[in-house]
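Only one structure is covered here, and it is reproduced in the block below.
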4 protein chains.
Amino acid sequence: MLDAEVALTRALAVLGQAPSSAVQALTEAARPERFDVRALALRARAGGNPVIPLVADLRAAVGEHAAAYVHRGATSQDVLDTAAMLVAASTVQVLCDDLIAVARQLARLAREHRDTPMAGRTLTQHAVPTTFGLKAVGWRSLVLDAHERLAAVRLPAQLGGAAGTLAAFGDVPSGSLLAAFAREAGLAEPLLPWHTLRTPIADLAGALAFTAGALGKLAADVLVLSRTEISEVTDTSGGGSSAMPHKSNPVRATLIAAAARQVPALAGVLFGSMTAEDERPSGAWHAEWQTLREALRLVGGAAENAAQLTANLRVHPERMRANLDLTQGLIVSERLIAELGRAEAAALVKQGPLSAAVDPALLDPTTYLGAATELTDRALDERA
Amino acid sequence: MLDAEVALTRALAVLGQAPSSAVQALTEAARPERFDVRALALRARAGGNPVIPLVADLRAAVGEHAAAYVHRGATSQDVLDTAAMLVAASTVQVLCDDLIAVARQLARLAREHRDTPMAGRTLTQHAVPTTFGLKAVGWRSLVLDAHERLAAVRLPAQLGGAAGTLAAFGDVPSGSLLAAFAREAGLAEPLLPWHTLRTPIADLAGALAFTAGALGKLAADVLVLSRTEISEVTDTSGGGSSAMPHKSNPVRATLIAAAARQVPALAGVLFGSMTAEDERPSGAWHAEWQTLREALRLVGGAAENAAQLTANLRVHPERMRANLDLTQGLIVSERLIAELGRAEAAALVKQGPLSAAVDPALLDPTTYLGAATELTDRALDERA
Amino acid sequence: MLDAEVALTRALAVLGQAPSSAVQALTEAARPERFDVRALALRARAGGNPVIPLVADLRAAVGEHAAAYVHRGATSQDVLDTAAMLVAASTVQVLCDDLIAVARQLARLAREHRDTPMAGRTLTQHAVPTTFGLKAVGWRSLVLDAHERLAAVRLPAQLGGAAGTLAAFGDVPSGSLLAAFAREAGLAEPLLPWHTLRTPIADLAGALAFTAGALGKLAADVLVLSRTEISEVTDTSGGGSSAMPHKSNPVRATLIAAAARQVPALAGVLFGSMTAEDERPSGAWHAEWQTLREALRLVGGAAENAAQLTANLRVHPERMRANLDLTQGLIVSERLIAELGRAEAAALVKQGPLSAAVDPALLDPTTYLGAATELTDRALDERA
Amino acid sequence: MLDAEVALTRALAVLGQAPSSAVQALTEAARPERFDVRALALRARAGGNPVIPLVADLRAAVGEHAAAYVHRGATSQDVLDTAAMLVAASTVQVLCDDLIAVARQLARLAREHRDTPMAGRTLTQHAVPTTFGLKAVGWRSLVLDAHERLAAVRLPAQLGGAAGTLAAFGDVPSGSLLAAFAREAGLAEPLLPWHTLRTPIADLAGALAFTAGALGKLAADVLVLSRTEISEVTDTSGGGSSAMPHKSNPVRATLIAAAARQVPALAGVLFGSMTAEDERPSGAWHAEWQTLREALRLVGGAAENAAQLTANLRVHPERMRANLDLTQGLIVSERLIAELGRAEAAALVKQGPLSAAVDPALLDPTTYLGAATELTDRALDERA
């Protein structure tokens, strides 16, 4: 919020609407450490937002002369929305870096395990074999999609004044004003004031929910594959237990899974807040504040955990191989249909064990991987 | 689903993997009127999806020879996902047409009321004046954003076979197979089978929730402005009441508002379904079916209602003018700060009425519209 | 809706406000098969609800004399809300029966497996041993909680007239009127018209979401225990796969899990609809219709699936016993702390294998079940 | 969490399983001011929960002898769940007090305005007259319902040990142990450990969402009635605006409305967390933490705001009366049907104005209040 106030006064100065002394006084006053956050929060209650007491403090701090150039022409929402965009911008930056790191680790894992066979599982049951390479490249594909969506969100500065007409800025041309403010704030330029046109918030909601889901898929798979009975992967950065010295819990995947359970609901609140009546709504805007903060926090944490998780994921091809044999050939029953026809295959499966009745080569799971490798290579090549 | 099955056999024929007689037999058999939907639904319970009984019926219908080429190599999810994409594609098409119609009507209203002053309202209270043109152009901006997002969603065909490796397709190169199937289905080509990489569903979720919110904003404003005490707009296609002969209810805005309350939650379920374990999940996929259908239905209905609403919206500038005078000048109290200083303005407001103490020109709401017209023109020009 | 209209005219007749001939004519007319549901739906659009065209048809059907006693004094919402309560009442009845059946099966399983040891799992890892009896009795406890909550929901008739004042009923005392209508409708008597006091809907929302979650816990566990690698339970009513003859999918648990993913979001919409402005809201009420229907449908289906699932659940104690040995004693590492102290236990675990260093009796998982049996008995006794 | 740890050691002492010196040492050590919350939070990441570092600190603080009796036999979730219940219990207490205050203010308003006529509004339009008394008593009815539901939530202590079998407590009878711990913690006694039987959390979720909705209805109405054009009520504790000296914003209703938009989604997450696999889940439990905290915070704030709002709500009967006349008699068009028949009434309404054609007594809105007063009295009497 302090950065938004400073950007506004700087923009006014650029346009010849404020003296440089005011900019200087405000820049000096607007240092976070000068403010008592808790006291601001308490004072925020009366007016229903924290900008009112903050501006009062800032005006008092800059002295009488400069006070007139603090928050000049603006409304509380201009500052709060701009501040939200600044917070979002820096969080998204960190998030994107983490997603890139995750994607890189997953590409490495996909290449390393390009030909590592493992059980493909559907509805909890062994279906047909697949490879860990295809699995990893699938995770990567979702993570790259998430990165694409997050990086594409346009985060504009907000400036509209009391009801979005910029009336209190007098004769300053609106185009120049919006451009100057956006530039000073380091944000995109808005086409219109967006007090109740919540495209940026909704876009963030969608991209954050997408990212939570993308990482949630990775986590869900790691949790399955980490199960004691399956043990095909281990998060070597896993957490301990005070009561059970043997345990190594997949803590990072767990925390990602927890985030993936929460963010869709938060995104729902943000999408719902688009339904904002009038020039500023009674509730829809206020409902965004803590919701957006929690969503950024959860997805930011999930991405960091995913970066750690993928950097520390140990894959156990020998366990994958062992699990492939658990059904004694049933995992390739689909192949029997192709080779022997549907009816005979079903009959053989019923009478079991298959090894007694079928050419062992037909039962080898490692030779029934279909296009797994082809698809892995293609996905790595096309999204290099 | 029938279209998906036909597309698959056609793709196989194109690749020399099925005889044209099979295509012909299947095309003949796959006519919707030959199927008893209720019976299929009941039979779907046992296996947990409707493709299993449908394929059984299709195979029976095409005769023994062609049966081998029906659903060949595919899994239920290939058909159901492809079918969902086909339904989505045709719904999105209608939706986009309706949104374009809405945007066009709103551009017309914005131009017609480019200079029509009305009260800007924040937190339910008159704030400062604005124009109906700016309001309409803001609605339009959201609707164009929604259109952009919906039109950008990529809807790919689905083909992976039992666990996403295309193993049952034997030696057919996966690239050619996916391309041929997508072409025959009339959908985008997938880079990877996406049984548990739910980017298309999540993107639809986001775009649908965005659209519901964009239309929800329009509806929320129309509902406020339609209130008996405000009466600044009328939906002339409004609904009657059997009990009260005088009533004309803003039914279309009401139905849009109802959709806007539901779709964010449905989108949340869809985003949540990204967290889909294994090569096919136990529940996450199934949770998408009715959720996506309801979301498409609700947003489709909302867009149609919005097209009707905006085509039939009567604007009452004289009521807007009258309402601007309700506060006897207080609506421009902000201007008094600029002209007289914060302290004196506050004092005058407190002692009231303003007309007794202030130059009447200062109290004229129609001359305090700020950049409303400038912003309206700019928004109409830049997104023509 | 037809039942609600008939109940209203019957109530009026009881109170001497309608002739018995009108009741007779309406009862005759109000047979579902006389109505074209699709046509009603299409005609419902104009006024935004289906009661308006339905009443028009009913009035036409009963003849001029009786027409005045059809829907007399009522508003559309009276009929639609009463109809929703009637649908809810009969669904809840079926639901409760299914939950009782589930609880009975779980009690049987708990008794049968009162002493069957199995691995307790936390964060996907073997923790310490538990029993299947304790697991089953825990599931039962949630199911009984769900039953309790559903059975306690009070479902009242709705009658308020145009704005909840019953004005069009003239001199009929409101107390008698509400009582007579509720009695004829077979529903609870409302204290006040509840057009915008949505306690019954919110209570249903909460109880349905609770039930979905209770069954969702059961399903989640069955899905884990059904995994090919774990195989501790089998749903013998499981579903087949057209492509893979060996597969027996836990379809019922999957469909329950799918419901559990959707219902919380639907409940959220219903709770959100409590925020209903005025005497009848523009959207909040309309958002309930399809949401409540889907919630009832999903939870009803989940309960039926749970009844089938628990009736057909085969438990494999020998697999449980085998899995207990997978960690070669580590599953009782907690006991080593008690016996040997935290430091030594941790050291032993680290150096492993435990069997080389520790008294085998200490490593026997079947003698470290704590109070599992005690708790099982207690839960069966206290909620018999 | 500190209280939970102390309660556990005290319970052990009561049962003769810990020396009183350990209780003393722990009580001394467990003072909140001795802990660095931020450092604990950072150290919590590794194991995925804050209890692990907290117990480490506590054990270090109490000295070697007492350390063995700190967290003895317990698992992290025992402490965190018990702590959550303690926080919930104290929040619910404050909440209930605020709700009682709100209900009392609303009873007063209902009595004061038992006969104050105002427009009943449906779908934003004047429908028929009602009274402010009936409105206030309806709000009160929802608030009492909310209080009833919140006060009925059973908040039990949590104790199960590593996997819910209490195995590490050795021979201590589970019944005595659970009873003693619950007593010392000041919470209800659990029938079973509820690590993955989340009835208390789900019940809280339902009751909190209900309360948010109940207060949301009140807020929605206050926001409508506060509109500049309607002005039938004023929140005299309303908030100011720095830019517009005349504004008095209905800030409290706005903040309540904002909470009502968020809590249903949070409740959805909590209901969703019932689907918790195994003896402790990977994500479902963790997703509850911040969600429950935010829900308690939002509803607590909403209740406090509602108490302030209702204590400071000024009602303007003269504005209500004036608004009743806005439609020049149309608001009682329903009465014309009863008096003149449906067809003639509709014709008169069409030709308008009514005053020219109809007996003025028929057009008096204050004599068409139906059972409003009767219903108000009844609701006040029956829930005194």
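Looking at region A:11-18, is at least one residue assigned to a helix (DSSP H, G or I), more than 30 Å from A:Leu313 (Cβ to Cβ) and open to solvent by 10 Å² or more (accessible area, probe 1.4 Å)? Give the derivation first.
Within region A:11-18, the first condition is being assigned to a helix (DSSP H, G or I), and the residues that meet it are A:11-14.
Keeping just the survivors that are more than 30 Å from A:Leu313 (Cβ to Cβ) gives A:11-14.
From what is left, the residues that are open to solvent by 10 Å² or more (accessible area, probe 1.4 Å) are A:13-14.
Yes, there is a match, as at least one residue in region A:11-18 is assigned to a helix (DSSP H, G or I), more than 30 Å from A:Leu313 (Cβ to Cβ) and open to solvent by 10 Å² or more (accessible area, probe 1.4 Å).
Would you please name the residue that is farthest from the other protein chains (Cβ to nearest Cβ), looking only at residues in region D:367-384 that are within 30 Å of D:His147 (Cβ to Cβ), assigned to a loop (DSSP other than H, G, I, E, B) and open to solvent by less than 60 Å² (accessible area, probe 1.4 Å)?
Narrowing region D:367-384 to residues within 30 Å of D:His147 (Cβ to Cβ): D:369-384.
This time we only want the ones that are assigned to a loop (DSSP other than H, G, I, E, B), so: D:369-371, D:383-384.
Adding the requirement that they be open to solvent by less than 60 Å² (accessible area, probe 1.4 Å) leaves D:369-371, D:383.
Working: D:Leu369: 6, D:Gly370: 3, D:Ala371: 4, D:Arg383: 8 Å.
The qualifying residue farthest from the other protein chains (Cβ to nearest Cβ) is D:Arg383.
For residues that are part of a loop (DSSP other than H, G, I, E, B), surrounded by 17 or more Cβ atoms within 10 Å (Cβ to Cβ) and on the phi < 0 side of the Ramachandran plot, tally how many sit in region C:321-344. First the steps, then the outcome.
So the first thing to find is which residues in region C:321-344 are part of a loop (DSSP other than H, G, I, E, B), and the list is C:325-329, C:341.
Retained after the next criterion (residues that are surrounded by 17 or more Cβ atoms within 10 Å (Cβ to Cβ)): C:327, C:329.
Narrowing further to those that are on the phi < 0 side of the Ramachandran plot: C:327.
Here the count works out to 1.
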Exercise. Would you confirm whether any residue within region D:184-198 is in contact (Cβ under 8 Å) with a residue 24 or more places away in the chain, part of a helix (DSSP H, G or I), more than 25 Å from D:Glu277 (Cβ to Cβ) and not aliphatic (A, V, I, L, M)?
Key: yes
Quiz item: Here is a list of conditions, (1) within 30 Å of the chain's Cα centre (by Cα); (2) surrounded by 24 or more Cβ atoms within 10 Å (Cβ to Cβ); (3) β-branched (Val, Ile, Thr), and B:Val94 meets all of them except one; can you say which number that is?
Solution: (2)
Quiz item: Just checking, which of D:Leu123, D:Leu142 is surrounded by 24 or more Cβ atoms within 10 Å (Cβ to Cβ) and out of contact with any strand residue (DSSP E or B) (no Cβ under 7 Å at 6 or more places or on another chain)?
Solution: D:Leu142
Quiz item: Looking only at region C:247-256, which residues are at pLDDT 95 or above and either within 7 Å of chain D (Cβ to nearest Cβ) or open to solvent by 20 Å² or more (accessible area, probe 1.4 Å) (or both)?
Solution: C:Arg252, C:Leu255
Quiz prompt | Within region A:275-288, considering residues that are part of a helix (DSSP H, G or I) and within 8 Å of chain D (Cβ to nearest Cβ), the one most open to solvent (accessible area, probe 1.4 Å) | solution = A:His286
Practice problem: Confirm whether C:Glu5 is farther than 22 Å from B:Gly238 by Cβ, acidic (Asp, Glu), at pLDDT 95 or above and open to solvent by less than 30 Å² (accessible area, probe 1.4 Å). | Solution: yes
Quiz prompt | Every residue from region B:345-366 that is more than 10 Å from every other protein chain (Cβ to nearest Cβ), part of a helix (DSSP H, G or I) and open to solvent by 80 Å² or more (accessible area, probe 1.4 Å) | solution = B:Gln351, B:Ser355, B:Ala356, B:Pro360
Practice problem: For region B:289-320, name all the residues that are crowded, with 24+ Cβ neighbours inside 10 Å, more than 14 Å from chain A (Cβ to nearest Cβ) and either closer than 21 Å to D:Gly268 by Cα or not aliphatic (A, V, I, L, M) (or both). | Solution: B:Asn305, B:Thr310
Exercise. Find the residue count for region C:262-274, including only residues that are closer than 14 Å to C:Gly213 by Cβ and within 7 Å of chain D (Cβ to nearest Cβ).
Key: 4
Exercise. Could you list, in sequence order, all residues of region A:328-341 that are out of contact with any Ser or Thr (no Cβ under 8 Å at 6 or more places or on another chain) and under 14 Å from C:Lys247 (Cα atoms)?
Key: A:Leu330, A:Ile331, A:Val332, A:Ser333, A:Glu334, A:Arg335, A:Leu336, A:Ile337
Quiz prompt | Residue satisfying all of: in region B:172-191; surrounded by fewer than 21 Cβ atoms within 10 Å (Cβ to Cβ) and facing chain A (nearest Cβ under 8 Å); nearest to B:Leu142 (Cα to Cα) among these | solution = B:Leu191
Quiz prompt | Extreme residue, farthest from C:Ala253 (Cα to Cα), among residues of region C:201-225 that are open to solvent by 10 Å² or more (accessible area, probe 1.4 Å) and more than 7 Å from chain D (Cβ to nearest Cβ) | solution = C:Asp203
Practice problem: Mind listing just one residue for me: the one in region A:52-80 that is part of a helix (DSSP H, G or I) and of a type in the set (D, E, K, R) and, of those, least open to solvent (accessible area, probe 1.4 Å)? | Solution: A:Asp78
Practice problem: Sort out which residues of region D:145-160 are open to solvent by less than 10 Å² (accessible area, probe 1.4 Å) and among the aliphatic types (A, V, I, L, M), and write them in order of number. | Solution: D:Ala146, D:Leu150, D:Ala157, D:Leu159
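Name the one entry in C:Ala168, C:Ala163 that is open to solvent by 10 Å² or more (accessible area, probe 1.4 Å) and either at the interface with another protein chain (Cβ under 7 Å from one of its Cβ atoms) or touching a residue at least 12 places away in the same chain (Cβ under 8 Å) (or both).
None of the others qualify; the one that does is C:Ala168.
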Self-check item: Test result for C:Glu232, crowded, with 24+ Cβ neighbours inside 10 Å, among the acidic types (Asp, Glu) and over 30 Å from C:Lys135 (Cα atoms)
Solution: no
Exercise. Output the residues belonging to region D:115-151 that are part of a strand (DSSP E or B), facing another protein chain (nearest Cβ under 7 Å) and β-branched (Val, Ile, Thr).
Key: D:Thr122, D:Val128, D:Thr130
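For region A:19-51, enumerate the residues that are part of a loop (DSSP other than H, G, I, E, B) and within 35 Å of the chain's Cα centre (by Cα). Even if it seems obvious, please write down each step before you answer.
Keep residues of region A:19-51 that are part of a loop (DSSP other than H, G, I, E, B), which gives A:19, A:30-31, A:35-36, A:48-50.
If the condition is that a residue be part of a loop (DSSP other than H, G, I, E, B) and within 35 Å of the chain's Cα centre (by Cα), then A:Ala30, A:Arg31, A:Phe35, A:Asp36, A:Gly48, A:Asn49, A:Pro50 are the ones that fit.
The values are calculated or read from the model by the stated rules, or taken from the named source; none is laboratory data. Predicted model, so just to flag it, every value in this text is computed and none were measured. Methodologically, a virtual Cβ is constructed for each residue, glycine included, from the backbone with ideal geometry; neighbour enumeration extends over all protein chains shown. In case anyone asks, the SASA skips ligands and DNA or RNA and just uses the protein heavy atoms, side chains included. Shrake-Rupley method; radii C 1.70, N 1.55, O 1.52, S 1.80 Å.
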